[in-house]
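Step one of this worksheet: look at the structure below.
The values are calculated or read from the model by the stated rules, or taken from the named source; none is laboratory data. Note that the structure is predicted; figures quoted are calculated from it, not measured. Here the Cβ positions follow ideal geometry from the backbone for every residue, glycine too, while neighbour counts run over all protein chains shown. Note: accessible area is taken over every heavy atom of the protein model, side chains too, but ligands, DNA and RNA are not part of it. Shrake-Rupley method; radii C 1.70, N 1.55, O 1.52, S 1.80 Å.
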Amino acid sequence: MWLPSLYLGPNWIRHDGQAQVVEGQVRTISKSSLFLGGTAAAGSSVSGPVPAGGPAQVSGLTSILRFSDAIFEPLAARQVLDSRRAGIQTATNDALLGVAESYLDLQRAAGTLAIAREAATNAEALASLTASYARSGAGLEADHRRAAAERERQRKNVELAVGELEAASAELVLRTRLDPRLVVAPVEPPEAVLRIVPEGCPIDELIVVGLRSRPELAEAQALVQATLTRLRQAKLRPFIPSLAFRYSGGGFGGGANGFFGDFASRSDADVNLYWEIQNLGFADRAITKQRAAQQRTANLELLKLQDRVASEVVLAEKGRIAAARRMKRAGQALPEAQESLALNLTSIRRGAGLPGATRPIEVLQPIQALAQARTDYLDAVLDHNRWQFRLYRALGRPPGLAPISIGTDSTLEPD
């Protein structure tokens, strides 16, 4: 910044009308001049046309048009605008994923409440059976007390599940900007299985879809193009001229000593086309290096983002596959738990003390096992659905996917 800047180019001046000569008299003069050469000035730029002689400017403002800015800045601005538009789509995708996961949390709370109510009903039935057997002497009072304790525990679980449902509802209402006083509930059954992305797609194809459709990549690519535009601007700026022009017009008068008169019209035009070499070219070189570094940084950010997109697609697909396997195993275990509870209840109804009869208290474990089996299946289904949404978001919500399908296994509905 200690070095001067050079301004090279022609300067044309035109004057018509009144002008004051050195002695003070005002005369009518029409003249023009042309300057060919250069000017050295301290600082980073000139504030007006390069001086070339002629009458002093009495009024008017100077306009400087830098052609390099006029050419490249709109291009860079449009690319930044494209980046911001892609950023809106990114924010939309993130918001939709957040709403989907909040809805799945609500599904989990609703399913947990249904499981807790079923377990509480089964525990209530067991407590009634053990009480009946205890009164008749066919069973132990201790068994009844234990069943009653389990009944109270399951009732407490129902209350906890109600609280979790209300909390999940409040979070979903917040995300969707509904009336905060509302309590919402899911329409689909808690164990509804969502299929958004077709199964069986090769992982390589999914990665390609993600790299083509993710708005984050479009945002980063637009920023790379903006840095390239500004780099070209920095390289070409010393070779592209700028235009400085000034015009003033009005009345002008004066005279020698204290005389003040001889008013008449006057107009002045001053036009300068110049090439600027900032700080003997060192500043131009530094700006070019800075823009080149910004462009390399944007490229590296794009490469890093591409790696992250590919990783998110792979993670979501692997998570979906693992959840599908767990869902299948949990679905196979659930009928066994249902059958175990049914067989134990049948055995109890044969009557205590008879050969092959089951002690009423022994039904406690099948009740707990059924509740756990339902919980395992619910967790597996909701994890599968969550990974479906995450994969859909990782792919950038590409168009052309099959509509969302919802399926349930009716054999897994609570009795």
Exercise. If the Cβ limit is 8 Å and pairs must be 6+ apart or interchain, which residue in the stretch 237-253 that is surrounded by 16 or more Cβ atoms within 10 Å (Cβ to Cβ) and modelled with pLDDT of 80 or more pairs with which residue that is among the acidic types (D, E) and not in a strand (DSSP E or B)?
Worked result: R237/D284; P238/D284
Exercise. Listed residues T130, T121, T112; which is assigned to a helix (DSSP H, G or I), over 31 Å from the mean Cα position of the chain (by Cα) and within 19 Å of R386 (Cβ to Cβ)?
Worked result: T112
Seminar exercise, completed: Expected output for the stretch 1-12 (first residue on the phi > 0 side of the Ramachandran plot, partner part of a strand (DSSP E or B), Cβ below 8 Å, 6+ apart or cross-chain) is G9/G38; G9/N272; G9/L273; G9/Y274; G9/W275
Exercise. Restricting attention to the stretch 8-25, which residues are open to solvent by less than 20 Å² (accessible area, probe 1.4 Å), farther than 30 Å from G281 by Cα and part of a strand (DSSP E or B)?
Worked result: H15, G17, Q18, A19
For this session: Kindly list the number of the only condition in (1) surrounded by fewer than 19 Cβ atoms within 10 Å (Cβ to Cβ); (2) of a type outside the set (V, I, T); (3) not in a strand (DSSP E or B) that fails for M327.
Result: (1)
Problem set entry | Residues located in the stretch 101-148, provided they are open to solvent by 60 Å² or more (accessible area, probe 1.4 Å) and aliphatic (A, V, I, L, M) | L140, A142
Exercise. Restricted to the stretch 254-300, and to residues that are among the hydroxyl-bearing types (S, T, Y) and surrounded by 15 or more Cβ atoms within 10 Å (Cβ to Cβ), which residue is farthest from A220 (Cα to Cα)?
Worked result: S267
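Which residue, of L174, L160, L182, is over 30 Å from K318 (Cβ atoms), within 25 Å of the chain's Cα centre (by Cα) and at pLDDT 90 or above?
Being over 30 Å from K318 (Cβ atoms), within 25 Å of the chain's Cα centre (by Cα) and at pLDDT 90 or above holds for just one of L174, L160, L182, which is L174.
For R181, are the conditions met, namely being farther than 24 Å from R374 by Cβ, open to solvent by 60 Å² or more (accessible area, probe 1.4 Å), without any contact (Cβ under 8 Å) to a residue 12 or more places away in the chain and in a loop (DSSP other than H, G, I, E, B)?
Answer is yes for this residue.
Which one is modelled with the highest pLDDT among residues in the stretch 254-291 that are among the aromatic types (F, W, Y) and within 19 Å of F72 (Cα to Cα)?
The residue in question is W275.
For R320, indicate whether it is open to solvent by 30 Å² or more (accessible area, probe 1.4 Å), basic (K, R) and in a helix (DSSP H, G or I).
no
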For this session: Determine which single condition V197 fails, assuming it passes every other condition in (1) closer than 30 Å to A310 by Cβ; (2) in a helix (DSSP H, G or I); (3) touching a residue at least 12 places away in the same chain (Cβ under 8 Å).
Result: (2)
Exercise. If you scan the stretch 185-199, which residues turn out to be of a type in the set (A, V, I, L, M, F, W, C) and open to solvent by 50 Å² or more (accessible area, probe 1.4 Å)?
Worked result: A185, V187
Exercise. Does any residue of the stretch 214-221 turn out to be in a helix (DSSP H, G or I), polar (S, T, N, Q) and open to solvent by less than 60 Å² (accessible area, probe 1.4 Å)?
Worked result: no
